[in-house]
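Trainee: Next up is a structure, given as structure tokens.
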Amino acid sequence: MNNSADLLKELRIDRSNAPPPSRRGLWIALAVLAAIAVLTLAGWALFGRDKGIEVRTATAVAIGNGGGSASVLDATGYVVARRMATVSSKITGKVREVLIEEGQRVEAGEIMATLDPIDADAQRDLAASQVTAAQSQIAQVQAQLREAEANATRLNGLVRQQLVSRSQYEQAIAQRDALRAQLASTQRNVQVAGRQLRIADLGVDNTVVRAPFAGVVIAKAAQPGEIVSPLSAGGGFTRTGIGTIVDMDSLEVEVDVGEAFIGRVQPKMPVEATLNAYPEWKIPAEVIAIIPTADRGKATVKVRIALKQRDPRIVPDMGVRVSFLEKAKPAEANAPKPGVLVPTAAIVARDGADVAFVVADEKAQRRTLKLGRTLGEDREVLEGVAGGDEVVLDPPDDLADGAAVRVAKEADEATDNE
């Protein structure tokens, strides 16, 4: 037993020659520490640092010097067509064929539809028969007249020789004159019949509906088999038109200008029009006329504006925004420098002064302004802001000079609105 215990005590682990530590475990430890450091920095970037006040901005627009133009008044209106017609037939009839579709261009005189011509053709055939009958009567009367004239000539010689009585000669003369009058009446009947035939031809032609002018079809109102009439007859079962066409070359803009601002508008005044559908497209235009009457309910005056550019994208009833422009005076040697246009929403009163906040390097810089004219929804700034500066719209009350700001993106705004 003692020998066994002594043997167990002699069992020891020799640590003097231990193997070196594995490098693989060292690299794994370093990678874990690096990942922890990256996550820590990312978390601080997302949640630790100050994001700044979220603001909306607009760009200050420099007003051109010299021959440029500035807006003196803005208004909204619609594109209208001066030549637009719902084409109908001149007679009441049943539609046989419609040859138009929406969006199709038609030329002046082009056939748009046809009506059933049975009644008109029958009336024309009757008028043609009456002309033929009247002409045959002329031939018959002419033959009788030739015989009566010959008989009167013969009796004239006999009465001079006293071979026949004078009464017989006078009777022959009367018969000749009667036939002459009958021939004249028959000839007039032929003329009347000819005119009736021409009217019947017009009736046949009225069964064909043609375009009154060149334009584009914007509505198709009738189908084959329906009854159309120039008058509203038969209630909802009778159409009053075949289709509507618009002369695209006659498009113009009509806007309503408030009575308080109509004095700024003059005929031939340059205008810049912007369609709501294409906000980046500036269309040159010009004032045609100011309608000399006011709308009592809206306190506005209608203004007609001519578009100087024709384009298929411009269609009737489109919404449009127009800016009435005032030609700038020629620059003088001592003339003040032109200012910039800034939205009125960017200008606030702080400490008794008009100021605006300009965003630069994600910081808000307070600028004291010297203001000029009010041009629509914008304000002319003579000093304090330069063209191209990003100004804060509706600056919060707690926004201070040097404060960190973050410009709101349009996508975020659209999401918030939804």
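Each value in this text was obtained by applying a stated rule to the coordinates, not by laboratory testing. Since we're looking at a predicted model, the values are computed, not measured. A quick note on method: Cβ atoms are made from the backbone with ideal geometry, for glycine too, and the neighbour counts reach across all protein chains shown.
Trainee: Obtain the nm distance between the two label points defined at residue 308 and residue 226 by a simple spin-label model: each point lies 7 Å from its Cα along the Cα-to-C-beta direction.
Mentor: 4.3
Trainee: Which aspartates and glutamates, on any chain, are close to residue 298 with Cα under 19 Å apart, when same-chain ones fewer than 8 places away are left out?
Mentor: Cross-link targets: 74, 254, 256, 259.
Trainee: So between residue 129 and residue 167, what do we pick up on full extension, going 0.36 nm a residue minus the alpha carbon distance? Before the final figure, lay out the partial values.
Mentor: Working: separation 38, 0.36 × 38 = 13.68 nm, distance 4.18 nm.
Gain in length upon complete extension: 9.5 nm.
Trainee: Could you work out the local net charge near residue 376, counting Lys and Arg as +1, Asp and Glu as -1, over the other residues with Cβ closer than 13 Å to its Cβ? Please list the in-between numbers first.
Mentor: Working: positive: 264, 321, 373, 379; negative: 74, 272, 326, 377, 378, 380.
Around residue 376, the surrounding residues sum to -2.
Trainee: Which stretch or stretches of region 77-111 have amide N atoms under 14 Å from the point lying 7 Å from residue 121's Cα along the Cα→Cβ direction?
Mentor: Answer for this model: 96-97.
Trainee: Once the piece of chain linking residue 92 and residue 36 is laid out straight, how much longer is it, given 0.36 nm per residue of separation minus the C-alpha distance between them?
Mentor: Numbers: separation 56, 0.36 × 56 = 20.16 nm, distance 8.87 nm.
This chain segment gains 11.3 nm when fully extended.
Trainee: Now for a different question. Once you place label points 7 Å from the Cα toward the Cβ at residue 362 and residue 296, how far apart are they in nm?
Mentor: Inter-label distance under the simple model: 6.2 nm.
Trainee: Which aspartates and glutamates have a Cα lying under 18 Å from the Cα of residue 90, excluding residues fewer than 8 positions away in the same chain?
Mentor: 110, 116, 119, 121, 201, 205, 226
Trainee: Given a Förster radius of 45 Å and the C-beta distance between residue 286 and residue 386 as r, what FRET efficiency does 1/(1 + (r/R0)^6) yield to the nearest 0.05?
Mentor: For residue 286 and residue 386, the calculated efficiency is 0.90.
Trainee: So between residue 371 and residue 397, what do we pick up on full extension, going 0.36 nm a residue minus the alpha carbon distance? Present the calculation step by step, with values, prior to reporting the outcome.
Mentor: Details: separation 26, 0.36 × 26 = 9.36 nm, distance 2.09 nm.
Fully extending the segment from residue 371 to residue 397 adds 7.3 nm.
Trainee: What pairs from 268/302; 282/302; 220/268 go past 26 Å between their alpha carbons? Write down the numbers at each step before the final one.
Mentor: On the way: 268/302 15 Å; 282/302 22 Å; 220/268 37 Å.
Among 268/302; 282/302; 220/268, the Cα-Cα distance tops 26 Å for 220/268.
Trainee: Go ahead and run the numbers for FRET between residue 143 and residue 202, Cβ-Cβ distance against an R0 of 51 Å, rounding to 0.05.
Mentor: Details: r = 35 Å, r/R0 = 0.68.
Once rounded, the FRET efficiency stands at 0.90.
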